1. Take Cys59 and decide whether it is at pLDDT 85 or above, surrounded by 15 or more Cβ atoms within 10 Å (Cβ to Cβ) and out of contact with any Cys (no Cβ under 8 Å at 6 or more places or on another chain).
2. Looking at Gly977, Gly1030 in this structure, which one is more than 24 Å from Thr927 (Cα to Cα) and either in a loop (DSSP other than H, G, I, E, B) or small (Gly, Ala, Ser) (or both)?
3. Quick check: anything in the range 887-901 in a helix (DSSP H, G or I) and β-branched (Val, Ile, Thr)?
4. If you take the residues in the range 398-419 that are in a loop (DSSP other than H, G, I, E, B) and open to solvent by 10 Å² or more (accessible area, probe 1.4 Å), which one is nearest to Thr843 (Cα to Cα)?
5. Quick check on Ser833: is it open to solvent by 20 Å² or more (accessible area, probe 1.4 Å) and more than 20 Å from the chain's Cα centre (by Cα)?
6. Can you find, within the range 231-255, the residue that is surrounded by the most Cβ atoms within 10 Å (Cβ to Cβ) among those that are assigned to a loop (DSSP other than H, G, I, E, B) and touching a Ser or Thr at 6+ places or on another chain (Cβ under 7 Å)?
7. Quick one: would you say Gln82 is surrounded by fewer than 14 Cβ atoms within 10 Å (Cβ to Cβ) and touching an Asp or Glu at 6+ places or on another chain (Cβ under 9 Å)?
8. Kindly indicate which of Asn695, Asn722 is polar (S, T, N, Q), free of Cβ contacts under 8 Å to residues at least 60 places away in the same chain and either open to solvent by less than 50 Å² (accessible area, probe 1.4 Å) or part of a helix (DSSP H, G or I) (or both).
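The values are calculated or read from the model by the stated rules, or taken from the named source; none is laboratory data. Predicted model only: the values in this text are computed from it and were never measured. Cβ: placed from backbone, ideal geometry, glycine included. Neighbour counts: every protein chain shown. These area figures cover heavy atoms from the full protein model, side chains too; ligands, DNA and RNA do not enter into them. Shrake-Rupley method; radii C 1.70, N 1.55, O 1.52, S 1.80 Å.
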Amino acid sequence: MGDMTNSAVDFYPKNQRGESNHAGEFGCSLNELRSFMELRGSEAVQKIQDTYGDMNGFCRRLKTSPTEGLAGNPADLENRRQTFGRNFIPPKKPKTFLQLIWEALQDVTLIILELAAIISLGLSFYQPPGERSEMCGSAAGGVEDEGESEAGWIEGAAILLSVICVVFVTAFNDWSKEKQFRGLQSRIEQEQKFAVVRGGQVIQIPVSEIVTGDIAQIKYGDLLPADGILIQGNDLKIDESSLTGESDHVRKSADKDPMLLSGTHVMEGSGKMLVSAVGVNSQTGIIFTLLGAGGEEEEKKDKKAKKQDGAAAMEMQPLKSAEGGDGDDKEKKKSGTPKKEKSVLQGKLTKLAVQIGKAGLVMSAITVIILVLYFAIDTFVIQKLQWLPECTPVYIQFFVKFFIIGVTVLVVAVPEGLPLAVTISLAYSVKKMMKDNNLVRHLDACETMGNATAICSDKTGTLTTNRMTVVQAYVGDVHYKEVPDPDTLPSKSLDMLVNAISLNSAYTSKILPPEKEVGLPRQVGNKTECGLLGFVLDLKRDYQTVRDQTPEEKLYKVYTFNSERKSMSTVIKMQDGSFRMYSKGASEIVLKKCSNILNTAGEARVFRPRDRDEMVKKVIEPMACDGLRTICIAFRDFPGSPEPDWDNENNILIDLTCIAVVGIEDPVRPEVPEAIRKCQRAGITVRMVTGDNINTARAIAIKCGIINPGEDFICLEGKDFNRRIRNEKGEVEQERIDKIWPKLRVLARSSPTDKHTLVKGIIDSLHGERRQVVAVTGDGTNDGPALKKADVGFAMGIAGTDVAKEASDIILTDDNFSSIVKAVMWGRNVYDSISKFLQFQLTVNVVAVIVAFTGACITQDSPLKAVQMLWVNLIMDTFASLALATEPPTEALLMRKPYGRNKPLISRTMMKNILGHGIYQLTVIFTLLFAGETIFNIDSGRNAPLHAPPSEHYTIIFNTFVLMQLFNEINARKIHGEKNVFDGIFRNPIFCSIVFGTFAIQIVIIQFGGKPFSCIPLQIDQWLWCIVLGVGELLWGQIISSIPTNRLKFLKEAGHGTQKDDIPEEELNEDAEEIDHAERELRRGQILWFRGLNRIQTQIEVVNTFKSGTSFQGALRRQSSVTSQNQDIRVVKAFRSSLYEGLEKPESKSSIHNFMTHPEFRIDDSQPHIPLIDDTDIEEDVALKQNSSPPSSPNKNNNAIDSGINLTTDTSKSATSSSPGSPLHSLETSL
C-alpha cells in the first residue's frame, strides 16, 4: 500500500503540494498525516506515543479538542480545507456533447445512408457530356428540363440533413439522461449527513463539509466518510472488506488498533474518531485517484503485454479450435445480447430488435436486387442497348438511387427507437418517482418492480410509524395497563429503572422539544430507546441529569446491541470500586438470564423458571397480543476485586435481576392497510419479516391486513423456520422451503440470515408456473445480503443505515410502505409504455416496408422517398417514443396480476391491433397508388424519370400515410383492447403537444417542403380527403377492438424472454433456472478458463519436474485421467454457485473480475473427493482468501472454499510465476 500511496502524491496539483509543506500553524503536515494513515494496528499506537505522546497531544497538534471538537468558525474551517483538502472526490468527467454526437454517428444504418447520400450528391453535380441520353435508354430520358436536373443535389443534401437531425436528437437524449443520472447521484450524496462535535454540540453536517480535525461520532451502520483515529469506542467492529477484501469484521479499540478508514462500514458498536484525512487524501480517495489517473497507463501497459503473451496465446488458441470452435459460432448466433446482464425488459427488447432488424435487412436487400435486375433487363435485354462509357455516370446514378431506396427501407425497418423509448420511459419515471418518495439508484429496478410478485417487508418503521411510546409496564409485581403514577412505584425500583434506562442507551438517542407549538416531541436516534427515555420523562424524571453525572467517557464497558445478542448492556464503576451492569433487551431473552426480580418493596426476590413461565403467560403474551413490543430491563452487581473477565460474555450476562418489563407501542401507519390491499389486488403477496415476538408480529399483521381471518396462512418464528427448511446436516433444502413459503405470511424473531434464506428460497423456487420476482425492504446493516439478493431492494431513507442504502436499488425517502405501491405502479407503467410504443412502431414498420418493397418491385421507385421515410422514421421513433413513454400511471394498473418474466412483450391483442391496422393502411395506400390518379383526377406519379419534379399523386400518398400514423398513435395509447382511446389523454400534455406539433410540421412540409421532400402543395379538398382517411384509423380501431382476441387462434405472440427451449438439455438439468445469454457465455468462458489453467498448470509441473529431474508421471497423471474433465466441471459448478449470486443483479459488486485479479491459481487436486456443494453462501462475494486450507473461522465470503474446493492464491511468487518469460506470467498479462 505504501508505494502505491506515494505514487499517488504525484497526481496532485503543484500548489497543493506546496501548501502541504508549509502547514506551519498546524503541528503536522498533510504528508505526515498521509504516511501516518498507512500504519495499522500496534504500529500506529506506537507512532502516536512516540510522536505525539497520546491522543490528546495529537488533537492539540491539529488544534482541536477531543470533547468540545472544533470551534466551527468559518475562517478556521476554510483554512483547514486549504491546508488538508476538502472531503470531496472529484467524479469522472462526463462525456461531452461532441463525444455523444460521435457515438450516435457510429450507427451502421446511418453510416450507410451517409455514404449513399454523399455518392448521390457527387453524381448529381456530374453532367454527362453531350445530349446522348436517348442512347442510354428510355428509362433515363423523359421530362427532364434543365432546372430540374440541377436540383438533383437536393435529395442527397436532404438525406444528410435528416441524418444530422436524427444524430442530434439521439445525442441530446443521451446527454439529458447522463445529466439526470448525475443529478440523482449528487442528490444521494447531499442527503448523506454525518454527526460531528463542534463547539461541544453534536450536529449533523453534510459529509462534504467534514474537515481534518473534526471529532466525528460513529455508530452502527455508518459508512465512514473520512479516515480517522479512534479516540473512544464501545465494542466497535468494522467491515473493511471494501478495502482489504477480508470478510471478517475487525475489532477496533483506542489502545490496540485505532485506525479507521474511509469507505469501511461500522458493523457493531459506537465511538468517537478524530478525522485525520479527507477527500483525495483518504485511503478511498487515494484508490480513486489511482483509478482515474491509472486509466491511461493501463492502455500503454496493455499494448506492451500483447507483444509478450505470444506463448499463452499459442496455448489458448488450439483450445478454442479443438473444443470450442463450432460451439462458439452457435453461441454467438444464439445470443443476440451483449455480455452484460440485462434486465428482463431489455433482454426481451434486444431480442425483438435483432429479429426485426434481420427481417428489415432481408427486405431491403431483396428490394435493391429486384430494382437493379428490373432496370438491367429493361434496358439491356428488352431495349437491346449497349453499355456505352459515356452512359456510365447515368447508370451509376440509377444504381445509387436504388441503393438509397434499399437503405431507407432498412432505416424504417430497424426500430432504433426501441432503446430510446426504454431510456426515455425509465428516465421519465425515475424523475417522477422522486415526487413519490422513491429515489431510484439503479434504472432497471424501476421496471423490475412492475413484475414483482412478492414483497418481504420489515415491520418497524415501514408498516408502523416508528414512533415508539411505552404504554404498559410491569414493575414491582404489578402490571400497569397505562403509564403508572411515579408515586405508586417503590422508590428503589424507580431510581433503578431511571438509571438503567438513562445510562444503558446510546447517548445519541434524545428527546427534543417539538418543532411546532402543538406537535409531539421529536425523537432523535434509536426509536426504541427514545420510547424508553420518553417513559422516564412520563415518570416526571429527567434522564439528562443522570447522564451528566456519568458522561459517556466514564462508561466502563458497553456491549452494544446486535442481532445475535438481541440485548444491550452497559457497565459502570460505582464509587466503592464495585461494578454495576444495566441490561435491556427482548423480554423472553433477558428474562431467561434473570435469577432475581425486584418485588413490591423494591427488594430482590428469587425468580424461578416457573415464575418466568407464569410471567410470560400473564404479562408478556397479553402485551404482545395487543401488538406491543416487550422490553425487559435488568441489572447485576459485580465485586471490584477480582475484576470480572469482561470479554467472557457468557459469564457476564447471567444472574441478572429484573427491574421491569415494559410494553412499547408502535402504531401502524394509517395508510398501510389500504396499500397492502392494493398489493393483494394486484397479485402481490406481502410478507412481514421482523425481529419482534411472534404474538406482536401477528397482531400487527392482522391490523395491516397481511393476514385476514379465515385465510390459509402460517406465521413462524426464525427457529421453527430453520428447523423446517434444513435437513439433518443443517443444510437448507429447496424442496423444504417450497413447502413453506407459499403460505408463509409472518416470520418473527428472525435473524438477517433467515431473511436472506427466505428471499433466496423464494427466488430460486420453481414452485408454480413462473419464477417469483421478490422485493425486499431493509434498514439495518445486516439486511445488506437480503437487499442485494432480492430482485429489487428498498432501503429506508430516514431510518436506514448507509450500508443498507449502498446495497439497495431504490431508497424510500419517507420510509413508507405505500411508496412501494407507487413504485409497482410506475414499474408496470414503464412496461405498458414500451408495449404501446411497440404496437405503434411495428404497425408503421410493417406498412412502410411493404409499401416501399412492393412499390419498388412494381413501379421501380418507392412511393415514399428517402427523405420522407426519414421524416416518418423521426415521427415514429423519436417523437412517438417521447409521446407514448411519458403516459402517467393510473390506478387501473394495479387491477391486474403481474406479467411475469416470460410473458411476451407483444400480446395477442397487440398482434391483432398491429395486423388489423396494417391491413387498413396498406389497403388505403395501394388504392391511392394504383387508382389515385383517377380518384383525384390528377397526373399519375408512377414510372417518373430520374430527376422528375415531385407529383401531386405521390404527395397525397405521403400525406395520407403520415396522417394515418398520427391517428394510429392515439389508438396505440390502449393495449388491452379498451374501447375509449381518448381516456385521460389530456393528463399527458407531452402527448398532445407532440401530436399537434407533428401535424403542424406535416402541413409545413407538404405546402412548403418542395423539392427536398419531393412534395407539391395540395388543395384544401385533397387535404380534407387525406384527413378523412387518417380519421378512418380511429373508426377502424373500434372495429378491431370489438373482435374477440380468443377467436383469432392463428395470432402468435412475440418478444418472449429467453425460453427454456433455447437452452441445451444438459444446462437445464444442471440448473433449472432461467439462464441469461450473458450468463451462458460466462459459463462457457469459465470452463475454457479452467481448462486453460489446467493445461498451464500441467505445463508448469512438467517444467518443474524436468528441472528437478524426478519422474514426471505425477505431473502427467492429471492430464491422462478422466478426473481432469470432471474436475473442470465440478470446479466450474462450485464457481458457478458462487457466481450465480453475483450475476443475479447487474449491479452486484462482485463479478468474475475479482477472480481475474488473482491469476496465479493452483487448483489443489491433492484431495481426490470433492464434496457436493452446500449452498449456504451468505455473502455474494467471490473473494479469494489467501490461505491454502479451508479456514476454521465461519467463512462468510468465500464460496469457493465453502464448497470444499481449494483454490489457493500463490502468494509466494516463485520463480515460475514471476519471471516474465514463464507461461504463467504471460497468462497473467493476457488476462
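1. Details: at pLDDT 85 or above: yes; surrounded by 15 or more Cβ atoms within 10 Å (Cβ to Cβ): yes; out of contact with any Cys (no Cβ under 8 Å at 6 or more places or on another chain): yes.
In short, yes.
2. Details: Gly1030 fails: more than 24 Å from Thr927 (Cα to Cα).
Selected residue: Gly977, the only one of Gly977, Gly1030 that is more than 24 Å from Thr927 (Cα to Cα) and either in a loop (DSSP other than H, G, I, E, B) or small (Gly, Ala, Ser) (or both).
3. So in the range 887-901, the residues in a helix (DSSP H, G or I) come out as 891-895.
From what is left, the residues that are β-branched (Val, Ile, Thr) are none.
No, the range 887-901 contains no residue that is in a helix (DSSP H, G or I) and β-branched (Val, Ile, Thr).
4. Taking the range 398-419 first, the residues in a loop (DSSP other than H, G, I, E, B) are 414-416.
Then keep just the ones that are open to solvent by 10 Å² or more (accessible area, probe 1.4 Å); that gives 414, 416.
Numbers: Val414: 13, Glu416: 15 Å.
Among those residues, the one meeting the criterion is Val414.
5. Numbers: open to solvent by 20 Å² or more (accessible area, probe 1.4 Å): no; more than 20 Å from the chain's Cα centre (by Cα): yes.
Judged against the criteria, Ser833 is not a match.
6. So the first thing to find is which residues in the range 231-255 are assigned to a loop (DSSP other than H, G, I, E, B), and the list is 240, 245-249, 254-255.
Next cut, touching a Ser or Thr at 6+ places or on another chain (Cβ under 7 Å) only: 240, 247-248.
Values: Glu240: 22, Ser247: 19, Asp248: 17.
Taking the candidates together, the pick is Glu240.
7. yes
8. On the way: Asn695 fails: free of Cβ contacts under 8 Å to residues at least 60 places away in the same chain.
On inspection, the qualifying residue turns out to be Asn722.
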